[in-house]
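Taking it in order: structure first as structure tokens, then the write-up.
None of the figures in this text is laboratory data; all of them are computed from the coordinates on show. If you're wondering where the values come from, they're calculated on a predicted model, not measured in any experiment. So basically every Cβ, Gly included, is an ideal-geometry build from the backbone, and we count neighbours across all protein chains shown.
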Amino acid sequence: MDALINKRIKQVLKGDQNAYSDVVSHYQQKLYQVCYRMLGNKHESEDIAQEAFVRAYINLHTFDLNRKFSTWLYRIATNLCIDRIRKKKPDYYLDAQVAGTDGLDMYSQISSSDRLPEEEVQRMELQERIQYEISQLPDKYRTVIVLKYIEELPLQEISEILDMPLGTVKTRIHRGREALRKQLGNL
Amino acid sequence: MNACPKQIGEYMHEYLDGDISREHETELKAHLQSCDDCRQHMQELNSTIAFVKSAAVVSVPLDFKQNVMVRLPKGKSGIGVQRWLRRHPIFVAAAMFCILMSASLLTGFNDDKEFSVTKQPNLVVEGQTVIVPAGETVTGDIVVKNGDIVVEGAVDGNITVINGQYMASTANVTGQIDEINQAFEWLWYKIKNGGKEILSFLDKNK
Ligand SMILES: [Zn+2]
């Protein structure tokens, strides 16, 4: 697969813009998923994931073909997500319903201090609750938890994506797990 | 849980990361068997992971790829050329040269046979020769077109001679001296700075 992707990248670099559509096809699901779990908002995740692909295209000449393209792409996307999270107001809002998740409202950017009343949290459906709890994590823990448990990436790759020593990634995952555990109480 | 060894918490996470050593694992397991609090803690961590992992796959919108393609900057070989130019700045000038060749600039060169010189107060012009008299100092740059320049005094600046010659008995010029006699060189001179501007323009649009 990587060989095919590298072939497409070379074609794009030679000026064949259409070759990029195969690259997008191959990674769009993964990238959208990460953005969605990071941002918890369908519209915003679509925008950010698309932006990540556009930036990757524009900076494609800086990509080292000996490395994994997905790592590079994840890195662009997670940086964009973190920027977006930090720019956002600390209040929360309910997004429109998510296609295919049947009446599921998604919470986006609720800082831990604005946790919803417990009885409201208890009433949530499982999928809604998962997204809510992820959104309650501080962004540095949220990123590693999403990459580790939603994308199921190896720690070494997460360390490359975030350009962070492996030890730091581990510490963040440990703290992220503990933070989630506390949020969940006695689930 | 206060009485529990401090490292037990770390071992739990090492275990969950799948990189626990045999010794640590043995110690952790022994402790969990004897300590209800730690056993529950471990249980909660396991449930937490199972909880996050049960997140459903969120499908990418159907028109996603199409929208990405629409958002890409236009131009067939845009990025290829940009990359090439940024890596080989000297070729920016060469590329500009080719563009200018096909435009009217070269014709402009052939037609432009008229003598001209930058106006500086203490320059002496004799026919098509510019003289910086002995004992005089010209402050500023001098550009002579279709003529020669003789420096007997001093120049505090650059001298550029297009289609002519620079002559000096005792050179006393603080700046650079350029003689441009060929059409190519003349164009090169004209576009060198333009090339730099193009590069900074490309960078701004990165
Ligand atoms: Zn214990």
Contour minus Cα-Cα distance for B:Glu27 and B:Asp63 (0.36 nm per residue): 7.6 nm
Cβ-derived FRET efficiency at R0 51 Å, A:Lys87 paired with A:Ala19, nearest 0.05: 0.95
Restraint check, A:Lys170/B:Lys53; A:Lys88/B:Lys53; A:Lys10/A:Lys87; A:Lys68/A:Lys88, Cα-Cα greater than 25 Å: A:Lys88/B:Lys53; A:Lys10/A:Lys87; A:Lys68/A:Lys88
222 nm mean residue ellipticity, helices alone, for chain A (DSSP H n ≥ 4; -39,500 (n - 2.57); rounded to 500): -20000 deg cm²/dmol
Calculated FRET efficiency for the pair B:Cys4/B:Gln43, C-beta based, R₀ 22 Å, to 0.05: 0.90
Counted charge near B:Gln7, where neighbours are those whose Cβ lies closer than 10 Å (Asp, Glu -1; Lys, Arg +1): -2
Most fluctuating residue given options A:Leu73, A:Leu126, A:Leu162, as computed from a GNM of chain A linking Cα atoms under 10 Å: A:Leu126
Charge sum, other residues only, whose C-beta stays under 10 Å from B:Gln165's C-beta, Lys/Arg counted +1 and Asp/Glu -1: -2
Residues A:Lys140 and A:Ala3, FRET efficiency given R0 of 41 Å [Cβ-Cβ distance, rounded to 0.05]: 0.75
Counted charge near B:Thr129, where neighbours are those whose Cβ lies closer than 12 Å (Asp, Glu -1; Lys, Arg +1): -3
